[in-house]
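Visitor: One structure follows; several queries about it will come next.
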Amino acid sequence: MTVNPAHTALWPAPHASGAVDATVHVPGSKSVTNRALVLAALASEPGWLRRPLRSRDTLLMAGALRAMGVGIEETVASSSTVAAGPDASGEAWRIIPSGLRGPATVDVGNAGTVMRFLPPVAALADGPVRFDGDPRSYERPLHGVIDALRVLGARIDDDARGSLPLTVHGSGALDGGTVEIDASSSSQFVSALLLSAPRFNQGVEVRHTGSTLPSMPHIRMTVDMLRAVGAQVDTPESGGEPNVWRVTSGALLGRDLIVEPDLSNAQPFLAAALVTGGTVVIPDWPARTTQPGDRLREIFTEMGGSCELTDRGLEFTGSGAIHGIDVDLGEVGELTPGVAAVAALADSPSTLRGVAHLRLHETDRLAALTKEINELGGDVTETADGLHIRPRPLHGGVFHTYDDHRMATAGAIIGLVVGGVEIENVATTAKTLPDFPELWAGMLGN
Ligand SMILES: O=C(O)C1=C[C@@H](OP(=O)(O)O)[C@@H](O)[C@H](O)C1
Ligand SMILES: C=C(OP(=O)(O)O)C(=O)O
């Protein structure tokens, strides 16, 4: 967790002069966009992706698939020309699968979805695919995917043993079969193996052997999206053995999918309503979703707000009071920075649990949140698996972000009600929400 000297630009976090009252159109989900790109690339016919997220992580995914020979055409569709209905107007990507090619080079940046979901795809290519990325990507766990792919028949050179950079020597096909993995450090190991498994000769049986498994909603998202393109998937929730997922080998359909707004990226805007006692509406909030951000309705209600799903979207209102919370965030780890920011402003202490694996996210998020909130006058301590947050009056100062988009948005939440907060490298939000400063200013009527 080091401050990046190349990114010392400071963004004065806008202060809210009163209760916010805004409607915020949140761009598409990173997790849905990147899964949809992988599944469309593996399909046996072209497909469409409408309202995709266009951000660093998704452009890296698209670039990597293109490098392996997949066609991705970016178009803007008008409401009168789309088959999927009027809601599908706007940006649309047409994905044209082809035989996956190597040699190719993939830049994963610091995208967990790219570094974990693509090595199994590369194993199906007909030549070597070299993976490299940001320095932090070398530190993020990848061994679960590498070891599993070897068991399933792939040849991989991982110079650094279990992490990036590495080369997958694709041979045009992969046996597949049964594999045991410990996915306690990232659910993305499981998702990665399941997503490509319909194209493995024998499909896959993934048996998770670790003591914990984070981010179950993201695994459900993988399973739902696989089924939506015609894959047969057996899961613990559909009557199978606990901790075992099976995907049958078979062709995938090309579909026409509208990407839901990214509900985890809706978090700072909902938090703005909560901490200023205002109202924020997020249009197109899905009535049913696997996105972990949907848990915000419950978490932020417990912390003092109230919400309702109406024809306009999710209408979230703060009461003026902000309460502490004792919550296990293991299933929804990516919400932790935003929950911690609100908790630092609450009227009672909070305990956030179940998120030890966040130490290996974009940065060590537990250390970063502790340091940055405490430097503004807060009282946060790390526990073995989370944070204790005792609210204290905060003051202005620089909030460092460690190349972590969710640190930047967490700092912005605090800056709404604490004068003089400056966010270092707010541009890091481009990982999943490139227009964050503009959306934030728009919410505030600036
Ligand atoms: O599969 C996905 O799209 C994700 C899974 C989660 O990863 P971990 O299980 O590694 O926390 C989450 O934190 C990440 O933002 C996105
Ligand atoms: C952990 C995150 O991302 P990644 O997909 O890189 O794991 C995140 O977005 O909070």
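Visitor: Collect the residues in segment 38-49 that are open to solvent by less than 10 Å² (accessible area, probe 1.4 Å), in contact with a strand residue (DSSP E or B) (Cβ under 7 Å, 6 or more places away or on another chain) and in a helix (DSSP H, G or I), keeping them in residue-number order.
Guide: Across segment 38-49, the qualifying residue is only ALA41.
Visitor: If we keep just the residues of segment 108-124 that are closer than 13 Å to THR58 by Cβ and part of a loop (DSSP other than H, G, I, E, B), which is nearest to ligand 2 (Cβ to nearest atom)?
Guide: Across segment 108-124, the extreme among qualifying residues is ALA111.
Visitor: Looking at ASP256, ASP284, which one is within 23 Å of SER55 (Cα to Cα) and in contact with a Phe, Trp or Tyr (Cβ under 6 Å, 6 or more places away or on another chain)?
Guide: ASP256
Visitor: Might you check whether a residue that is surrounded by 15 or more Cβ atoms within 10 Å (Cβ to Cβ), touching a Phe, Trp or Tyr at 6+ places or on another chain (Cβ under 6 Å) and part of a strand (DSSP E or B) occurs anywhere in segment 234-246?
Guide: Looking through segment 234-246, none of the residues is surrounded by 15 or more Cβ atoms within 10 Å (Cβ to Cβ), touching a Phe, Trp or Tyr at 6+ places or on another chain (Cβ under 6 Å) and part of a strand (DSSP E or B).
Visitor: I would also like to ask the following. Out of (1) of a type outside the set (Ser, Thr, Tyr); (2) assigned to a helix (DSSP H, G or I); (3) within 16 Å of ligand 1 (Cβ to nearest atom); (4) under 23 Å from GLY18 (Cα atoms), what's the single condition that is false for ASN265?
Guide: The single condition ASN265 does not satisfy is (2).
Visitor: Also: Looking at (1) open to solvent by 30 Å² or more (accessible area, probe 1.4 Å); (2) away from ligand 1 (no atom under 15 Å from the Cβ), which one does GLY278 not meet, given that it meets all the others?
Guide: (1)
Visitor: Of the residues that make up segment 311-318, is at least one buried (at least 23 other Cβ atoms within 10 Å of the Cβ) and of a type in the set (Asp, Glu)?
Guide: No, segment 311-318 contains no residue that is buried (at least 23 other Cβ atoms within 10 Å of the Cβ) and of a type in the set (Asp, Glu).
Visitor: I've got another one for you. Within segment 344-385, which residues are away from ligand 1 (no atom under 16 Å from the Cβ), in contact (Cβ under 8 Å) with a residue 40 or more places away in the chain and of a type in the set (Val, Ile, Thr)?
Guide: The answer is ILE373, VAL380.
Visitor: Still on this structure, please answer the following. Collect the residues in segment 362-407 that are of a type in the set (A, V, I, L, M, F, W, C) and open to solvent by less than 10 Å² (accessible area, probe 1.4 Å), keeping them in residue-number order.
Guide: Within segment 362-407, LEU366, ALA368, LEU369, ILE373, LEU376, VAL380, LEU387, ILE389, PHE399, MET407 meet the criteria.
Visitor: Can you name every residue in segment 136-168 that is under 18 Å from ASP182 (Cα atoms) and touching a Phe, Trp or Tyr at 6+ places or on another chain (Cβ under 9 Å)?
Guide: Residues satisfying the conditions are PRO141, LEU142, HIS143, GLY144, VAL145, ALA148, LEU152, SER163.
Visitor: So which of SER98, SER163 is within 16 Å of ligand 1 (Cβ to nearest atom) and open to solvent by 10 Å² or more (accessible area, probe 1.4 Å)?
Guide: SER163
Visitor: Among residues belonging to segment 128-160 that are without any contact (Cβ under 8 Å) to a residue 24 or more places away in the chain and assigned to a strand (DSSP E or B), point out the one that is surrounded by the most Cβ atoms within 10 Å (Cβ to Cβ).
Guide: ARG155
Visitor: Here's another thing I want to ask about it. Would you check if there is a residue in segment 290-301 being surrounded by fewer than 23 Cβ atoms within 10 Å (Cβ to Cβ), of a type in the set (A, V, I, L, M, F, W, C), closer than 23 Å to ARG51 by Cα and under 24 Å from the mean Cα position of the chain (by Cα)?
Guide: no
Visitor: Inspect all residues belonging to segment 199-212 and state whether any of them is part of a helix (DSSP H, G or I), open to solvent by 10 Å² or more (accessible area, probe 1.4 Å), closer than 13 Å to ARG35 by Cβ and not acidic (Asp, Glu).
Guide: There is no residue in segment 199-212 that is part of a helix (DSSP H, G or I), open to solvent by 10 Å² or more (accessible area, probe 1.4 Å), closer than 13 Å to ARG35 by Cβ and not acidic (Asp, Glu).
Visitor: Kindly indicate which of VAL179, VAL168 is more than 16 Å from PHE117 (Cα to Cα), in the same structural domain as SER215 (by the TED database) and hydrophobic (A, V, I, L, M, F, W, C).
Guide: Of VAL179, VAL168, the one residue that is more than 16 Å from PHE117 (Cα to Cα), in the same structural domain as SER215 (by the TED database) and hydrophobic (A, V, I, L, M, F, W, C) is VAL179.
Visitor: Just one of (1) part of a loop (DSSP other than H, G, I, E, B); (2) more than 16 Å from ligand 1 (Cβ to nearest atom) trips up LEU433, so point out which.
Guide: (2)
Visitor: Still on this structure: Is there any pair linking a residue in segment 423-441 that is under 20 Å from GLY293 (Cα atoms) and modelled with pLDDT under 95 to one that is among the basic types (Lys, Arg) and open to solvent by 20 Å² or more (accessible area, probe 1.4 Å), with Cβ under 9 Å and at least six apart or on different chains, and which?
Guide: Once the first residue is under 20 Å from GLY293 (Cα atoms) and modelled with pLDDT under 95 and sits in segment 423-441, its partners that are among the basic types (Lys, Arg) and open to solvent by 20 Å² or more (accessible area, probe 1.4 Å) give PRO434/ARG54; PRO434/ARG56.
The values are calculated or read from the model by the stated rules, or taken from the named source; none is laboratory data. It should be emphasised that the depicted structure is a prediction, and the values quoted were computed from it without experimental measurement. Cβ atoms come from the backbone with ideal geometry, glycine included; neighbour counts cover every protein chain shown. For the accessible areas, the whole protein counts, side chains as well, though only heavy atoms, and no ligand, DNA or RNA atoms are used. Shrake-Rupley method; radii C 1.70, N 1.55, O 1.52, S 1.80 Å.
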